[in-house]
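Presented below is the structure to which this report refers.
The values are calculated or read from the model by the stated rules, or taken from the named source; none is laboratory data. Note that the structure is a prediction, hence the values are computed from the model and not measured. Virtual Cβ from ideal backbone geometry, glycine too; neighbours counted across all protein chains shown.
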Amino acid sequence: MKISIQFIILVFLTLPTFARESLFNDPSPIQFTLRAPFQELFRQRSSPMTRPPPGFVPVIVDSELSYQDYNGRLIVLHPKLKMRGNSSQDKSECLFPKIKMDFSPNEVRGTIFENQPTVGIGSHCSNQGGRSHLGRNWDGKTPHREVLAYEILRILKIPSYRARAAWFNYIEDSTGRSVDGNVEAMLLEDMDSMHNRYGTTKTEPYQSLRHSPGVTVEDVARIYFAEILLGNWDWYLKMAPTSSEPISKKFWNMKSMQTPSGQWIIFPYDFDLSSVVTLREYPSSKAKEIPTLFPRVLRQQVADEMKSHETEIRALGSRLDHDASGQSFFKKQVDRYYKKLPEFTK
């Protein structure tokens, strides 16, 4: 019996592609069920802006994560869970804080988590309505809005973590009951994955841009323009901070990496307190700094770049069809930004 080469190729191409699927190459939300002893996990919350005491051992719990892959297979994994985040760990900020999942590399082989041994979960925080002390929106719909913040950075070619929208049903292990029903979540890339993507390593502690090799003023200007678009106030990137300033006042919600040649890459992250997520307009003191920090030619260059991506950025709002309030605010925020953009070049 003769078998044509075309037939062999066709069969090969239609085989299940478990290993070729990637967690962050598809923008469509994915559904998960995560069963764990959340009450035990959340009993050791840390206070914001504090360092763990000597000998501190974080609570780590076992869990069971299940979902259907692209081929309809039921996948069951067993990541270790621990809390993540800073102010979100405070009970007054999030009833259900952020989580980090650590996988066994052998167990995730051939799944969407292959090459992603650690993945963060940006939780819904709370769906009880109202706001936290810092302004977090407790409407349960913030994770998918924050995904759009990372998507904007991707469009603008500003390095940052990759993110994906998801839905989670969290099951409390001790009761077998769902914690808050089926809720929004954001899956977030880990720093080790960033290093693998960029071929980078950790940098020395941040001092100033003058002492950060290879960081260009153009890169910093793009970060400023992007953060203002997001309406984010929870960040710092001082051009030349004084040595007496705490790190939180000169390099906050920023990360840095170093290439083999010694060049630094600085990138922003953590946008859960930004306007596009909380649906609250914040006056931006950073916008007032732009004319004093960057020459007019550079401001015009970055503004032109932002303008060239306007259509693609506006189109992101369609991903919030299930969130009328978020979708409406996103459009208004983008409208406000592009209306003010010419002022940055004067």
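Of everything in segment 246-264 that is basic (K, R) and not in a loop (DSSP other than H, G, I, E, B), the residue that is modelled with the highest pLDDT is K255. Out of G181, G214, G129, one residue alone is without any contact (Cβ under 8 Å) to a residue 60 or more places away in the chain, farther than 20 Å from M83 by Cβ, assigned to a strand (DSSP E or B) and not charged (D, E, K, R). It is G181. Here V217 fulfils each of the conditions (1) at pLDDT 95 or above; (2) at negative phi; (3) aliphatic (A, V, I, L, M) apart from (1). Considering segment 85-108 alone, what residues qualify as being among the small types (G, A, S) and surrounded by fewer than 17 Cβ atoms within 10 Å (Cβ to Cβ)? Selection gives S92, S104. Among the residues of segment 191-214, just one is modelled with pLDDT of 90 or more and acidic (D, E), namely D192. Here segment 11-49 is the region considered, the condition is being modelled with pLDDT under 90 and under 22 Å from the mean Cα position of the chain (by Cα), and the residue that is farthest from G176 (Cα to Cα) is M49. May I ask you to verify whether A165 is within 22 Å of the chain's Cα centre (by Cα), in a strand (DSSP E or B), closer than 20 Å to L41 by Cα and at pLDDT 95 or above? So A165 fails the test. Within segment 280-307, being free of Cβ contacts under 8 Å to residues at least 60 places away in the same chain, over 17 Å from L230 (Cα atoms) and not β-branched (V, I, T) holds for P291, P295, R296, Q300, D304. Filtering segment 265-283 to residues that are at pLDDT below 95 and outside any loop (DSSP other than H, G, I, E, B) leaves I265, I266. Taken as a whole, the structure leaves K339 outside the set of residues that are among the basic types (K, R) and modelled with pLDDT under 95.
Just one of the numbered conditions (1) at pLDDT 95 or above; (2) exposed (fewer than 14 other Cβ atoms within 10 Å of the Cβ) is not true of S243: (1). Filter segment 314-342 for residues that are touching a Leu at 6+ places or on another chain (Cβ under 7 Å) and of a type outside the set (F, W, Y) and give the result. Of everything in segment 314-342, those that are touching a Leu at 6+ places or on another chain (Cβ under 7 Å) and of a type outside the set (F, W, Y) turn out to be L316, R319, S325, G326, Q327.
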